[in-house]
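The values are calculated or read from the model by the stated rules, or taken from the named source; none is laboratory data. In this text, all values refer to a predicted model and were calculated from it rather than measured experimentally. Here the Cβ positions follow ideal geometry from the backbone for every residue, glycine too, while neighbour counts run over all protein chains shown.
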Amino acid sequence: MTRARAGALLALVLLLTLYLSRIGGWVLQDPDEGRYAEIPREMIERGDWVTPKLFHVNYFEKPPLLYWLTAACFETFGQTEAAARIVPAVSGIATVLLTFVLALRLCGRRAAWLGAGILATKPLFFALSQALLIDMLLTACMSATMLGVYAAHRAERKHGWALLVGFSVALGMLAKGLIAIVLPGGIALAFLLWRRDVPTVRALLGWRVILVFLVVTVPWFVLVSQRNPDFLHFFFVREHFQRFAGNAGVRVGHPEGPFYYVPVVLLGPAPWTLVALLLAATRDGRQAFREIPAEVRAFCLLWFGIVFLFFSAATSKLGSYVLPAMPPLALLIAAWLDRAFVEPRLVGIVLRTLNAFFATLGALLAVAALLAWPLHVRLAAWLHQDVPDVIQIAGATASVALSLLATVLVARWTRWEDRGRPAAAVGVFVAGMAAVLLCATQGRAVTKTARELAFAINDLHQAGDVIVSYKRLMQSLAFYTGQRIVQYDAYGEIKEGARTAPDHDDWFWDDPERLKAVWGSKRVFVATEAKWIPELTALLEPDPRILVQDHRRVVLVNFPAPAHGSVEAGPSDQDTADEPES
């Protein structure tokens, strides 16, 4: 095996370790991970892979590809947190590899290694690869689409690459809807028209490409529409056009201003964006940027800019939505660094920037971790968290600080730049960021979840018992209990499905007398927020007993049961408003 192949194999092993080694062992976070794990669990339970359901009511907000793949992972590996996160983690790995292949075509081998390393160690990109969300799957599909577009543009025989585009767009359509057509289509059209490449446009719109797209996408849309006549209007009109525009009457989660994504794209990829900003601040750095081939600049800027502007124009915004803009940003920074390495002065700017970032952040986090140990009890009270959670966060902070400072020491010890290998010097910081990200995952167990509540219910649950979620939709509660749950004035994103459900009256309550009657006749578990305890105590007889309490949430029962690791909530927890649903 040659040294180059051995290095490539080692890099792949490290990438797999980084993205797959920590996906299990920590709770599914509400609301998103709980939702996207419960839907495939119900698919398996019902044996119906056509109509997505959440809490056993129709859920048409997203297409089914993530649910299908996650359900397949559950069937293969069991219904665990690790199995739930395989799809986004593998999608992240695939996106890094696709970015590497595309960078080889755009700007050469050194830039390809830099681009893959930069993308893999962007904190936002890595974090979203470790969470059960749709956006990373969409990003992988879109990255494959853009690779196919550019490869078709450069190839003499375009049809094979055009078929890849049709297939990847179809998968993206099944992942998140029309966005997989609109964004890549806009980027490809703008780029190819700029290059006056009409033959590639024709190839991408050829009948074979359209046929591949239709064969992959149409069957599910036909089947789900036949079984649910209201699907097409809800999915296309309401969830696409009306939500994008923020039309009155349509629920818009997370409405934000037009500049919401500016800090996201600046801080999410740090420290690599900081390096780019400092290069842009110098004349030589700007000259290095201009030396990037015009075609490469245009392709990456169009890809990044159209995604950024599109989501900035939308009413509903979340940081994860802009994830498809991360690969072109990594490619652009890598191509810029590749040109900057020709000039020793720019090499010095790049490496001093990375050194300063790692050293400063490492020192600040080390001080924070040291202060947290003697003050952990006060910090827990101030942050309204459990003491063990604060200690865990402090431990993760200390590990991150050590990794940052160790990277600085390794960089100074190796001094690759003095040996004329600036890319290897940057590689030290890429490896350091990978270590930082792995250490940071230690603190993620402090999340919004209902797992501990569910485990307490599971220990005592008997046939015929009733589980009620009172004024709080807890997505992960159904996943961890494996039971259907009565929703009492708790709807959130299932409101439309619940309204039209044939068994609405059996599982969706809002009459206090009904809850009172069931409480007096059956064994009942009520999962709710601690602030509702006085209200329930005044309503129910016998008085509710606390089975388990976790921060703001609590399970109340009407039968003798030992406290299950309960945690006392502070006064401020009682008055805290509901957390927003995504």
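Quick rundown of the values:
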| quantity | calculated |
| --- | --- |
| Meets criteria (buried (at least 19 other Cβ atoms within 10 Å of the Cβ) and either more than 20 Å from E239 (Cα to Cα) or touching a Leu at 6+ places or on another chain (Cβ under 6 Å) (or both)) for A82 | no |
| Only listed residue being surrounded by fewer than 16 Cβ atoms within 10 Å (Cβ to Cβ), touching an Asp or Glu at 6+ places or on another chain (Cβ under 8 Å) and not assigned by TED's automatic domain parsing to the domain that holds F126, chosen from D459, D489, D506 | D489 |
| Boolean, T200 is at pLDDT 95 or above, within 26 Å of the chain's Cα centre (by Cα) and assigned to a helix (DSSP H, G or I) | no |
| Cβ-Cβ under 9 Å pairs, at least 6 apart or on other chains, segment 275-297 side over 13 Å from R345 (Cβ atoms), far side hydroxyl-bearing (S, T, Y) and part of a loop (DSSP other than H, G, I, E, B) | none |
| Among (1) out of contact with any helix residue (DSSP H, G or I) (no Cβ under 9 Å at 6 or more places or on another chain); (2) at pLDDT below 95; (3) more than 27 Å from T80 (Cβ to Cβ) - the single one A530 does not satisfy | (1) |
| Selected residue (criterion: nearest to L65 (Cα to Cα)) from residues of segment 203-230 that are in a helix (DSSP H, G or I) and of a type in the set (G, A, S) | S225 |
| Only listed residue being within 29 Å of the chain's Cα centre (by Cα) and over 28 Å from A435 (Cβ atoms), chosen from A334, A314 | A314 |
| Residue within segment 163-170 that is under 21 Å from the mean Cα position of the chain (by Cα) and among the aromatic types (F, W, Y) present | no |
| Some residue of segment 546-560 being within 22 Å of N458 (Cα to Cα), assigned to a strand (DSSP E or B) and polar (S, T, N, Q) | yes |
| Helices (runs of 4 or more DSSP H) completely within segment 109-166 that count 1 or more residues being more than 27 Å from R85 (Cα to Cα) | 109-120, 135-154 |
